[in-house]
Amino acid sequence: MNNILTFKNIENSNNYYLIEFEDSLVAVDPPRDAWRVIHYAESIGKKITHVLETHIHNDYLTGAFEIKERYKSTHVVPNEKVTFDHVVADESFTIESNQFKISAFHTPGHTYTHVSYKLFEHNTLVAVFSGGSVTSAGVGRTDLISEKDTPVLTKHQFESKNLFLTFDDNVHILPTHGQGSFCSVSSKPLPDYPTMQSLKIDNTLLTVESMKEFERQLLDSLGAYPTYFGTTNAFNTGESRLIKDIKTPIVTTDLELLEGLTIIDTSIDKDLRVENSLKIPLSKTFSSYVGWVVSSETNMALVFEDKLFHQYNSANLTSIDNLAQLEHDEISKALVALYRIGFEQIVYLVPLSQLKKTKVSTITKDTYNNEEFYDIRELNEKSSSEEFTFDTLSRYFYQHKSLPNEFIKSNISNLSCGSGYRAGLISSILAPEIETKILKDTSIDFSKK
């Protein structure tokens with residue numbers, strides 16, 4: 001494990017890796033903003049010779065093209081139809097360097113062509129890069145292609161996870177989809193980089209012996225996932241563009257320029273929101289929530305708190321030399337998170353002070369007065385039986401730019417979701433048609449019984 005470097009994208013809870021050999025580096029499942037691995041390679045004077053993909057990603061864009069631009073690296077992908085030069089990751093694929101060797105093996109389930117990679121040291125298996133196959137607390141979900149494909153993929157996932165049971169206890173399993181990833185199926189928080197020994201104790205899906213029981217447990221644990229999932233496939237199979245070629249958004253105070261754009265208010269204060277905007281406060285899940293409700297083709301203006309513009313520098317969007325500055329540049333980090341999932345149509349950046357704001361009625365434990373609230377959490381989160389969930393409402397808005405008539409006509413004025421984040425977003429879509437109140441207290445379950 002000493003020659004494996006681990007990296008994490010907090011926004012979508014995905015891991016990626018560098019394998020360091022004596023004279024080269026190999027990247028595994030890097031994101032579009034691959035600057036951290038490039039920066040490391042530059043710092044030690046080694047080239048990234050290969051980029052290994054475990055699968056065509058549904059939830060983010062690959063960083064292979066950024067890496068290939070710099071190092072002319074070999075791009076290794078499963079047996080998919082892609083339009084770029086590549087090497088197929090089949091059972092005959094290997095990379096060897098001194099005492100180390102990497103090989104691929106088929107682990108379908110998360111996708112039909114999914115592969116995992118074994119790392120050997122002196123012919124001893126030391127680690128497996130499992131992608132979306134076996135994860136820390138479960139397996140990769142099998143429902144992302146279609147309802148028709150789910151039973152077949154679930155059977156494949158059962159067979160693939162059984163392959164892992166043949167590995168020694170001290171072998172490290174390094175998944176791409178970490179704790180909190182929408183692509184991963186898990187039931188409890190566990191370390192992202194387990195050994196087989198700990199997996200056999202903690203990962204209940206791994207040790208299930210019956211295919212029928214495996215299918216039941218896996219499918220029962222599936223929650224909703226953002227609407228944009230799958231829109232990344234075209235990029236990942238060849239329709240790529242480097243981040244440096246994306247048109248940088250313009251900072252403006254000219255409000256007339258915003259006409260016809262979707263405005264997203266990223267300010268943290270849940271008690272206020274910009275009029276005629278979608279309220280999606282900055283958080284580690286910001287980009288995912290944008291992807292719940294708008295498509296990547298949508299022309300957007302992002303509204304940020306004024307103080308954040310003091311640290312904003314568009315150079316932080318593309319330069320590996322600016323990684324330290326990027327950590328303190330919340331606007332650039334938000335843009336990079338959107339670029340990572342394929343959202344490039346950010347036209348303008350607007351200081352919050354320039355726009356008219358409206359007060360949002362928020363209720364906490366202290367001000368709650370036994371009012372009835374509509375719970376828009378997902379079905380597996382709540383004990384109530386309300387028809388509409390955040391998933392159904394956001395998907396409908398994504399497609400129709402409105403909410404379902406049945407929801408609007410019911411004159412629902414009070415919304416809850418736990419923290420108030422999702423309720424605030426749906427409330428911003430309803431406004432000004434319906435004056436809503438939002439519960440924003442996680443200490444009480446306000447579900448209707």
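Only the coordinates and a few stated rules stand behind these numbers; no lab work does. This structure is a prediction, so every number in the text was calculated from the model and none was measured. No Cβ is skipped: glycine too gets one built from the backbone with ideal geometry, and neighbour counts run over all protein chains shown.
How about residue 382: which aspartates and glutamates have a C-alpha closer than 18 Å to its C-alpha, ignoring those fewer than 8 places off in the same chain?
Qualifying aspartates and glutamates at Cα under 18 Å: 220, 371, 372, 391, 441, 445.
Do any of 68/244; 148/409; 81/247; 118/155; 270/401 go past 25 Å between their Cα atoms, and which? Before the final figure, lay out the partial values.
Numbers: 68/244 14 Å; 148/409 34 Å; 81/247 29 Å; 118/155 22 Å; 270/401 23 Å.
The pairs that break the limit, which is 25 Å between Cα atoms, are 148/409; 81/247.
Could you rank the peptides 171-178, 262-269, 85-92, 102-109 by their average count of other C-beta atoms within 10 Å per residue, with the highest value first? It would help to have the intermediate numbers written out before the result.
On the way: 171-178: 26.0, 262-269: 20.1, 85-92: 14.1, 102-109: 22.0.
Most protected by this proxy first, the peptides run 171-178, 102-109, 262-269, 85-92.
Give the span of the chain's Cα atoms along each principal axis, as three whole-Å numbers ordered largest to smallest.
Taking max minus min along each principal axis of the Cα atoms, the chain gives 66, 51, 37 Å.
Check cross-link reach from residue 8 to the aspartates and glutamates: straight Cα distance under 20 Å, and skip same-chain residues fewer than eight apart.
In chain and number order, the partners are 20, 29, 33, 42, 53, 59, 66, 192, 321, 327, 329, 330.
Helix-derived [θ] at 222 nm for the chain: sum -39500 (n - 2.57) over DSSP H runs of at least 4, divide by residue count, nearest 500?
On the way: 13 runs with 108 residues, N = 449.
Taken over the chain, the calculation gives -6500 deg cm²/dmol.
Which trypsin sites (Lys or Arg not before Pro) in the range 1-100 pass both tests, a DSSP loop state and at most 12 other beta-carbon atoms within 10 Å? Intermediate values should be presented prior to the final figure.
Numbers: sites: 8, 32, 36, 46, 47, 68, 70, 72, 81; in loops: 32, 46, 72, 81.
Those that pass, being in a loop and sparsely packed, are 72, 81.
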